[in-house]
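I have placed the structure first, in the form of structure tokens, so that the comments after it can refer back to it.
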Amino acid sequence: MQDGGGIGVRCSGVVHLYRTFEGHDVVALQGVDLEIAPGERVAFLGPSGSGKSTLLALLGGIQRPSAGRILLGDDDISRMSERHLSRLRARRVATMLQGSTRNLLPYTTARRNVEFARIGMTAEEADRAPGVTDLLDRVGLTDQADQVVSTMSGGQRQRLALACAVATTPGLLLADEPTSQLSHVDRDAVVGLLHDLNRDFGTTVVVVTHQPEVAATFPRTVTMKGGRVGSEGHHGAEYAVIGSEGVLHLPSHLTTQWPAGTLVRVDAEPRRIVISHPADETGIPRDGLR
């Protein structure tokens, strides 16, 4: 994998199980197929428990899938040794966990946090990357460079966490709810910085968010439903995604009108599928057959 530019992502049949404290196995992801092109900006949406944060952790190599393959560029991280995976995470993949304090050393300064984030870089890599002062300036923290993290506001800590995440100019940035619990001003600043990172360095940016206004700033959205990719949005247009065994999740506004068990008509045409409610064409009532 070459340094510089964005890293593409490809998931094939990704399944992930985890065990509860009571000893029960829970399926968090079931057969996820997904491809993200190098340099894309993608927002993951979905209700709590839909699997979006789990998928983000798998993409970052923080967890390993129970089955299936995950490729970052040409590297299959689902089969990679821990040594090589740690090297990849340190230099080419940055993960912002939910909550700024999980990404920072609270007992030292902003400057020291950014310096620590760059500790795994070679001298040559450090010369090519933005300097510590430049990074702090980019996130509006020049005046807080020598301030201890624990005394900063939530918005300042989150912007510092972003500076630390991009300190190595990663090819892939994964951010889990980076704007949660922020004011509108801080939220917009952090979102703007994410898009700037993509524009300036070509970094692939993948964000998990529950905020529609944040997702709307991304060219592509992926909605998770029940551990699968349920639908996608591209520049304002909405698409359903066909899963394994032909499973098709309807857009959320249709699921309220057509609840589970509703009879629908499917007309297959070349490269096109038309799904309609029989009541719209045959007079069959929506609550069942006559």
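Points to keep in mind about this one:
- Residues considered: LEU56, LEU88. Of these, the only one that is closer than 24 Å to THR122 by Cα, surrounded by 17 or more Cβ atoms within 10 Å (Cβ to Cβ) and assigned by TED's automatic domain parsing to the domain that holds GLU115 is LEU88.
- Out of LEU56, LEU85, one residue alone is at pLDDT below 90, part of a helix (DSSP H, G or I) and closer than 30 Å to VAL191 by Cα. It is LEU85.
- In segment 175-188, the residues that are of a type in the set (A, V, I, L, M, F, W, C) and farther than 14 Å from LEU45 by Cα: LEU182, VAL185
- Any pair with Cβ under 9 angstrom, 6 or more apart, that starts in segment 196-220 at a residue that is surrounded by 15 or more Cβ atoms within 10 Å (Cβ to Cβ) and ends at one that is in a helix (DSSP H, G or I) and small (Gly, Ala, Ser): LEU197/ALA165; VAL207/ALA215; VAL208/SER53; THR209/ALA215; THR217/GLY192
- Options GLN158, GLN147; residue that is touching a helix residue (DSSP H, G or I) at 6+ places or on another chain (Cβ under 7 Å), closer than 13 Å to PRO106 by Cα and surrounded by fewer than 22 Cβ atoms within 10 Å (Cβ to Cβ): GLN147
- Tallying residues that are under 25 Å from the mean Cα position of the chain (by Cα) and without any contact (Cβ under 8 Å) to a residue 40 or more places away in the chain within segment 120-137 yields 3.
- Condition check for MET152: surrounded by fewer than 18 Cβ atoms within 10 Å (Cβ to Cβ) and among the hydrophobic types (A, V, I, L, M, F, W, C): no
- Residue selected from segment 2-19 under the condition part of a loop (DSSP other than H, G, I, E, B) and either under 18 Å from LEU55 (Cα atoms) or touching a strand residue (DSSP E or B) at 6+ places or on another chain (Cβ under 6 Å) (or both), by the criterion modelled with the lowest pLDDT: GLY6
The values are calculated or read from the model by the stated rules, or taken from the named source; none is laboratory data. Keep in mind that what you see is a predicted model, and the values were worked out from it rather than measured. Glycine also receives a Cβ, built like all others from the backbone with ideal geometry; neighbour counts cover every protein chain displayed.
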